[in-house]
Amino acid sequence: MQLKEFKQNLGLTDIPTELEKLIHFQNTVSDFEEYSQGFGVLIDDKSGIKSWSEDEAFLERLFPFAQANGSGSIYAVWNDGSSKAFNELPVVVFGDEGGVHVVAENLLALLQLLTFDSEISVDHEEVYFYKDEEDYEESEGHASYKNWLKEQFGLEPIENPDELIERAQEKYKADFDSWFTTYYKD
């Protein structure tokens, strides 16, 4: 993936260091090597989130940047209307089978969630990560990803993703839900 194309797709002149480094990392692992199950930075034309609303005011505040699982869920940065830097804005997930939820306080929190190495589950009521330890096989590039995250950002792997999700939802869920429902109603 080319950084220039990624920036143009998001409509940004600069992207946060976290994303730039992640794209570089992703570009260095083999095309066949997954570093966190179901995840991958991608260029997205907002077609997936347009199914929720095509209102320009809705679309201009969402920046889809990664696939969240193998079945079509998408991670997007949500511009919450604050004056925060892009890398400090919350991350939401749009579920492929419904459900939209705040999942991380910011990009670094999402990167830390990826250390759980499990696809995210998204439904109308909740969002969660689940891993059956008896059937779990670590992604081929996961050890490299954990080392990279520690070296680049000083972040350790997590064992309980629920804590990070709950923290993000406590901080942003009410505001996000209020904003989102002005554009989409069941």
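Scanning the stretch 73-84 for residues that are surrounded by 13 or more Cβ atoms within 10 Å (Cβ to Cβ), part of a loop (DSSP other than H, G, I, E, B) and either among the hydrophobic types (A, V, I, L, M, F, W, C) or free of Cβ contacts under 8 Å to residues at least 40 places away in the same chain (or both) yields a count of 1.
Would you pick out the residues in the stretch 85-96 that are surrounded by fewer than 20 Cβ atoms within 10 Å (Cβ to Cβ) and either under 18 Å from Asp123 (Cβ atoms) or touching a Cys at 6+ places or on another chain (Cβ under 6 Å) (or both)? Walk me through how you get there before you give the answer.
If we filter the stretch 85-96 for residues that are surrounded by fewer than 20 Cβ atoms within 10 Å (Cβ to Cβ), which is where we start, we get 85-88, 96.
Asp96 - this is the single residue of the stretch 85-96 that is surrounded by fewer than 20 Cβ atoms within 10 Å (Cβ to Cβ) and either under 18 Å from Asp123 (Cβ atoms) or touching a Cys at 6+ places or on another chain (Cβ under 6 Å) (or both).
Residues of the stretch 26-54 that are surrounded by fewer than 18 Cβ atoms within 10 Å (Cβ to Cβ), in a helix (DSSP H, G or I) and within 16 Å of the chain's Cα centre (by Cα): Gly48 alone. Within the stretch 60-72, the set of residues being under 24 Å from Tyr130 (Cβ atoms), assigned to a loop (DSSP other than H, G, I, E, B) and not aliphatic (A, V, I, L, M) comprises Asn69, Gly70, Ser71, Gly72.
Only one of (1) touching a Ser or Thr at 6+ places or on another chain (Cβ under 7 Å); (2) closer than 17 Å to Leu19 by Cα is not met by Gly95, so which one is it? The failed condition is (2).
No value in this document is a laboratory result; all are computed from the given coordinates. Note that this is a predicted model, so its numbers are computed, not measured. Cβ coordinates were reconstructed from backbone atoms using ideal geometry, including for glycine residues, and neighbour counts include every protein chain displayed.
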